[in-house]
1. I need the full set of residues from the range 261-291 which are in a helix (DSSP H, G or I) and under 14 Å from Leu222 (Cα atoms), in order please.
2. Counting just the residues of the range 148-177 that are surrounded by fewer than 17 Cβ atoms within 10 Å (Cβ to Cβ) and in a helix (DSSP H, G or I), which one comes out farthest from the chain's Cα centre (by Cα)?
3. Pro132 passes all but one of (1) touching a residue at least 12 places away in the same chain (Cβ under 8 Å); (2) under 22 Å from the mean Cα position of the chain (by Cα); which number fails?
4. May I ask you to list the residues in the range 364-419 that are β-branched (Val, Ile, Thr) and surrounded by 14 or more Cβ atoms within 10 Å (Cβ to Cβ)?
5. Hey, could you check the range 279-291 for residues that are among the hydrophobic types (A, V, I, L, M, F, W, C) and either in contact with a Cys (Cβ under 6 Å, 6 or more places away or on another chain) or over 15 Å from Asp394 (Cα atoms) (or both) and say which is nearest to the ligand (Cβ to nearest atom)?
6. Could you tell me which residue of the range 292-304 is nearest to the ligand (Cβ to nearest atom), considering only residues that are in a loop (DSSP other than H, G, I, E, B) and over 29 Å from Gln90 (Cα atoms)?
7. I need the full set of residues from the range 311-349 which are among the charged types (D, E, K, R) and within 20 Å of the chain's Cα centre (by Cα), in order please.
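The values are calculated or read from the model by the stated rules, or taken from the named source; none is laboratory data. Please read these numbers as outputs of a predicted model, since none were measured by experiment. FYI the Cβ positions are ideal-geometry reconstructions off the backbone, even for glycines, and counts take in every protein chain you see.
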Amino acid sequence: MIRALKLELLCTLTGPFALRAVAGNANRLLALLAALLALVWTLIFCSEASANGPNLNGPKHIEIVFADSNRPNLRGEVVSENPRYGMLIQTPDGELIAIAPSTSIAKIEAIDEPMQPTDASEIAAKTLALLPAGAKSLSTEHFVVCYDTSDTYARWNANLYEKMFKGMLRFWKEKGLELQTPRFPLVALIFRDKADYIEYSKRDFQGGENTFGYYTQTTNRLATFDLTGIEGVLPPGTKIQREELLGEIFSRPEAERQIATILHEACHQIAFNTGLQTRLGDYPLWLSEGIATFFESADTRSSSGWAGAGRINTYNLQQIRFYFRNRPADSLASLLTQDERFRKGDTSAAAYGECWGLTFFLVKKKPKEFVAYLKKLRERPPGNPSDAKQRLDDFLASFGQDLDKLDKDFVRMMTGLRP
Ligand SMILES: [Zn+2]
């Protein structure tokens, strides 16, 4: 059986512009980028730039002309620059593009006016080029959904995204954390079948066949496919009623996990675009995944499919209960400091379960501290990786120094929860 969360990829890119895959399926691009990032800072400026000296604190809005004349110029804002890791540029489409230190650059020009984000219609037109011919788009208040499946299915997904968006903002506002309207339209792609989705996913990672969907912090796009399989089964042009569609989805045993995956990935996209988290910021995986699992709960009895914010996640509660039978004494400390637990096939299910439980516990029992912790981490710019000690220190400084007591309280709460 496909374990979507276990095999979920790329929704939690962490580290200094690192393109890490949760399941460890790094593709060639990732390997190449990692190698390039390890090289020294060797930006080559043209004579014009050199005449003024390379201004590493330079213009916020720039255009880069590459020495490779085949590579198109790149316009965007400098998010971060670092001699070791290179430059991180945000384009008007909202993509984050890493420029390795070894990249040969002919010229960097300052652009006087502020960068204008691409509007919804333009970004839809660009995104449709990534889908098979004949694909369509629809826009909601915050999302641009590009799809080549039925209008009904696309609309249902879009409504699900919007419902979660508003629910998340309302939830955090009640906790004292005011989030922002996204600067860029949030782009979601929905392919008509899994084969097309897998083909598309190869640009980001290998192993798409084991997933239902993913969000990538670099492209800022969410991608999934029609989970109903209705397209291709019904004759072309058949109109599908919303009730029929929902019935088809919700009647399946795997429905809860499939819908939870859509919600989980949408949650990542919303978190990284509303200021809850900083894209490519240095977040321990337990936190990013904890937030997404906290909001992912599906409800196959509701017409929208979302159970709402902060409900008990029955699936992950089962995972953590199972894990508790043989939980190591240092489990909490390892969860806080070791992302590897999420990447290894034999430990990831327990790690997801435990991070959901920890997030649930902290949000319920220490909401002010949790919000303060989020605020502290989001202030850190990309490209500043913290080590295990720093992660532990951050946690203890926010939630108290007595980790053993916190762990006992956490286990007691998890043991007593009734789904
Ligand atoms: Zn995730």
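1. Thr261, Ile262, Leu263, His264, Glu265, Ala266, Cys267, His268, Gln269, Ile270, Ala271
2. Asp151
3. Condition not satisfied by Pro132: (2).
4. Val371, Val411
5. Ile291
6. Ser297
7. Asp339, Glu340, Arg341, Arg343, Lys344
Residues checked against (1) within 11 Å of the ligand (Cβ to nearest atom); (2) of a type outside the set (S, T, N, Q); (3) more than 20 Å from Ala351 (Cα to Cα):
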residue	(1), (2), (3)
Ile259	no, yes, yes
Asn273	no, no, yes
Trp306	no, yes, yes
Leu335	no, yes, no
